[in-house]
Amino acid sequence: MTLAYLAQPEQQQKLEWLDGGEFAVLLDAAATGGQLTVGRFSVAKGEAPPYHVHTREDEVFMLIKGSALLWCDDEEMELSEGGIVFLPRNVPHGYRITSDTADLLMICTPGGIEGMFRHAGRDLTTPRPEGFEISRVLMAEAADQYGQIIVGPPR
């Protein structure tokens, strides 16, 4: 990577994600020479991914707005507004949003995890297919293709 990369909000891909939430791809592996992925979630109360393990990347997760419960290697913690957590690869983790809404920033290194979100989610610039949902089967398929291991249901 030898050039800086700038993406204004209107240039950032936005995907429909779990429970009708939104995931914005702020920086992807293509933009960073594979070094990192940065994404931002805008989600509602109860949103929770399956309990999972990243095998390819480390993750930093910051709760910009809202509150959540976080599980890391079966330890339960509260994550409050402004809180940040480092989740090393190969450590099982998950979260559940406990506030009415939440705004979360995710940074993963190296990059590439955005492919999972693109595979399972839906680009918001395209028409929404009738009955669209991110099924367990689709989520498992996307996770498997991008080095995630689902080890349990959402908590």
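The values are calculated or read from the model by the stated rules, or taken from the named source; none is laboratory data. Quantities reported herein were computed from a predicted structural model and do not represent experimental measurements. Using ideal geometry, Cβ is built from the backbone for each residue, glycine included, and neighbour counts are taken over all protein chains shown. Side chains included, ligands, DNA and RNA excluded: accessible areas come from the protein's heavy atoms. Shrake-Rupley method; radii C 1.70, N 1.55, O 1.52, S 1.80 Å.
In square nanometres, what is the average projected area of the Cα convex hull of segment 90-155?
Details: hull surface 24.1 nm².
Mean projected area of the Cα convex hull: 6.0 nm².
Heavy atoms of the protein only, probe of 1.4 Å, neighbouring chains included. What is the accessible area of ILE134 in Å², nearest 10?
30 Å²
Work out the FRET efficiency for GLU141 and ALA7 from their Cβ-Cβ distance, taking R0 = 30 Å, and round it to the nearest 0.05.
Numbers: r = 28 Å, r/R0 = 0.92.
For R0 = 30 Å, the calculated efficiency reads 0.60.
With viscosity set to 1.567 mPa s at 4 °C, what whole-number translational diffusion coefficient in µm²/s follows for segment 1-85 from Stokes-Einstein and a Kirkwood radius over Cα pairs? Show your work: numbers first, answer last.
On the way: Rh = 14.7 Å.
In µm²/s, the coefficient rounds to 88.
Please find, in a Gaussian network model of the chain (springs between Cα atoms separated by less than 10 Å), the residue of THR101, THR32, THR126 whose mean-square fluctuation is greatest.
Per the Cα network of the chain with a 10 Å cutoff, THR126 tops the list.
How would segment 54-93 be classified by its alpha-carbon gyration tensor: rounded, prolate or oblate, with rounded meaning a/c under 1.5 and the a/b versus b/c comparison settling the rest?
Working: a/c = 3.37, a/b = 1.55, b/c = 2.17.
Judged from the Cα gyration tensor, segment 54-93 comes out oblate (a/c at least 1.5, b/c at or above a/b).
Check GLY112: other-chain or 5+ apart residues with amide H under 5 Å from its amide H, H built from backbone geometry?
ALA29, THR37
If amide hydrogens are placed 1.01 Å from N in the peptide plane, which non-local residues have theirs closer than 5 Å to the one on ILE64?
Placed amide hydrogens put GLY82, ASP103, LEU104, LEU105 under 5 Å from ILE64.
Classify the chain as rounded, prolate or oblate, taking a ≥ b ≥ c as the square roots of the eigenvalues of its Cα gyration tensor: rounded when a/c is under 1.5, otherwise prolate if a/b is larger than b/c and oblate if not. The partial results should precede the final answer.
Values: a/c = 1.28, a/b = 1.14, b/c = 1.12.
Judged from the Cα gyration tensor, the chain comes out rounded (a/c under 1.5).
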